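The values are calculated or read from the model by the stated rules, or taken from the named source; none is laboratory data. Note that the structure is predicted; figures quoted are calculated from it, not measured. Every residue, glycine among them, receives a Cβ derived from its backbone with ideal geometry; neighbour counts consider all protein chains shown. We work out accessible area using only protein heavy atoms, side chains counted, and drop any ligands, DNA or RNA first. Shrake-Rupley method; radii C 1.70, N 1.55, O 1.52, S 1.80 Å.
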Amino acid sequence: MNSIVILGAGNVAFHLTRALIENTVNVRQIFNRTLAHAQEIGEANRIAYTDKISEIEKADLYIIACADSGIEEFSHYIPFDDVLVVHTSGSSPISALKGDYRKGVLYPLQTFTKTKKLRYDEIPFFVEAETPEDTNALKELAFRISNDVYELDYAKRMEIQMCGVWAANFVNHMYKIAGDICAKNNIPFDVLLPLIQETSLKVEEMSPYDAQTGPARRGDDIIIDRHLDLLQNDSRLLQIYQILTDSIKRDYDK
């Protein structure tokens, strides 16, 4: 992969560009339909950028780093056949790419925010391609960034992407709910940070099953009922609390 063009300018494109350049990979150009967004990444990394399809440069690899809904549209923009084109989605198949070029997937399993620095070498990458040669090329490229690279087909990639939703997106929503309750009671959210951090650290040393604590794990119905009483005026939170409690109880036969 002597040269790369990245299509997209969101959080994934921002970090993937930086990760590649930091590991001396030649990213030649950023393309995005909104010039200002392409300019942000291009100027930050001192590489070319454009919003014009006619100006997309020839490269060995094209990485489409955009929302799933935009993959097919972006895939039509690449006017070359003798190249490899990949997307970065965990929940879209290779067939989302439309074109006569070679196709693949380069999926980083991480939550990305432009303002948050990341250890790129710790991010798991999952690759897939139509041929063994392209699969190996993508694995070699991913290993330039990360120490954690796997070959995974679409069905299993969907499963791991869903696991990410359970382990990160839903958990963050629980933080949001806890934060709202704290704010309602004039309690700073920061008081929960040691608890959050310790819970996160525990699953690095033991299984989530063994790490579980709390009233549902103990089958402490007195405490659970008191919490449910606090939520009587919010049917949505009452339902969420009850569903999660029942799920934990079922795991531990409580």
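Hey, can you find the accessible area per residue of the range 112-189 for me, probe 1.4 Å, expressed in square angstrom?
Working: 5130 Å² over 78 residues.
Result: 66 Å² per residue.
How high is the relative contact order of the chain, in percent, with contacts defined as C-alpha pairs under 8 Å that are six or more residues apart?
Numbers: 362 pairs, mean separation 29.7, N = 254.
Relative contact order, the chain: 12 percent.
Considering every pair of different Cα atoms, what Kirkwood radius, in Å, is found for the chain?
On the way: mean 1/r = 0.0482 Å⁻¹.
Value: 20.7 Å, from the Cα pair sum.
Over the range 1-117, what is the relative contact order in whole percent, taking alpha-carbon pairs under 8 Å and six or more residues apart?
Working: 227 pairs, mean separation 28.4, N = 117.
The normalised contact order for the range 1-117 reaches 24 percent.
Please list, in chain and number order, the residues 5+ apart from Val149 or on another chain whose amide H is under 5 Å from its amide H, with Hs placed from the backbone.
The answer is Phe125.
Give me the Kirkwood hydrodynamic radius of the range 38-188, using the inverse of the mean 1/r over all pairs of distinct Cα atoms, in Å to one decimal.
17.4
Place a +1 charge on the Cβ of each Lys and Arg in the chain and a -1 charge on the Cβ of each Asp and Glu, then give the dipole magnitude about the Cα centre in debye, rounded to the nearest 20. Present the calculation step by step, with values, prior to reporting the outcome.
Details: 27 positive and 38 negative charges, 121 e Å.
Its charge dipole is roughly 580 debye.
Indicate, rounded to the nearest 5 percent, the antiparallel portion of the DSSP beta bridges found entirely in the range 86-157. Spell out each step's value before the answer.
Working: 5 of 10 bridges.
Looking only at bridges with both residues in the range 86-157, the antiparallel portion is about 50 percent.
Quick one: 3J(HN,Hα) in Hz for the range 103-110, Karplus 6.51/-1.76/1.60 with θ = phi - 60°, rounded, Gly and Pro as x.
Using θ = phi - 60°, the values come out as 10, x, 9, 10, 10, x, 8, 6 Hz.
For Glu43 and Thr111, what does the FRET efficiency come to when R0 = 25 Å and r is the distance between their Cβ atoms, rounded to the nearest 0.05?
0.50
Enumerate the calculated ³J(HN,Hα) couplings along the range 85-97 in order (Karplus 6.51 cos²θ - 1.76 cosθ + 1.60, θ = phi - 60°), each rounded to whole Hz, writing x wherever the residue is Gly or Pro.
10, 10, 10, 10, 8, x, 10, 10, x, 4, 5, 5, 7
So for the chain: antiparallel DSSP bridges make up what percent, rounded to the nearest 5?
On the way: 5 of 27 bridges.
In the chain, approximately 20 percent of DSSP beta bridges are antiparallel ones.
Please enumerate, by chain and number, the lysines with C-alpha under 30 Å from the C-alpha of Lys254, excluding those fewer than 8 residues away in the same chain.
The reachable lysines, counting only those whose Cα sits under 30 Å from Lys254, are Lys176, Lys202.
As a test of the formula, what do you get for the chain when each DSSP H run with n ≥ 4 contributes -39,500 (n - 2.57) and the sum is divided by the residue count, at 222 nm and rounded to the nearest 500 deg cm²/dmol? Write out the running numbers ahead of the final one.
Working: 11 runs with 116 residues, N = 254.
Rounded to the nearest 500, it is -13500 deg cm²/dmol.
Run down the aspartates and glutamates and flag those whose C-alpha is under 17 Å from the C-alpha of Lys184, throwing out any fewer than 8 positions away in its chain.
Cα-Cα hits under 17 Å: Asp229, Asp234.
Quick query: amide H of Ser3 versus all other amide H atoms, modeled in the peptide plane; which residues come in under 5 Å with a sequence gap of 5 or more or a different chain?
Amide H neighbours of Ser3: Asp60, Leu61.
Got a number for carbon plus sulfur as a percent of the range 20-86's accessible area, 1.4 Å probe? Kindly include the intermediate steps, with their values, before the conclusion.
Numbers: 1450 of 3290 Å².
With neighbouring chains kept in place, the figure for the range 20-86 is 44 percent.
Binning every alpha carbon pair distance of the range 105-254 at 10 Å from zero, what are the percents per bin?
Whole-percent P(r) values from 0 Å outward: 9, 27, 31, 19, 11, 3, 0.
Near the amide H of Ser89, under 5 Å away, which other amide H atoms are found, from residues 5 or more places off or on another chain, if H is placed in the peptide plane?
Leu106
Treating only the Cβ atoms of Lys and Arg (+1) and Asp and Glu (-1) as charged, compute the dipole magnitude of the range 34-176 about its Cα centre; round to the nearest 20 debye.
Details: 15 positive and 23 negative charges, 142 e Å.
For the range 34-176, the charge dipole is close to 680 debye.
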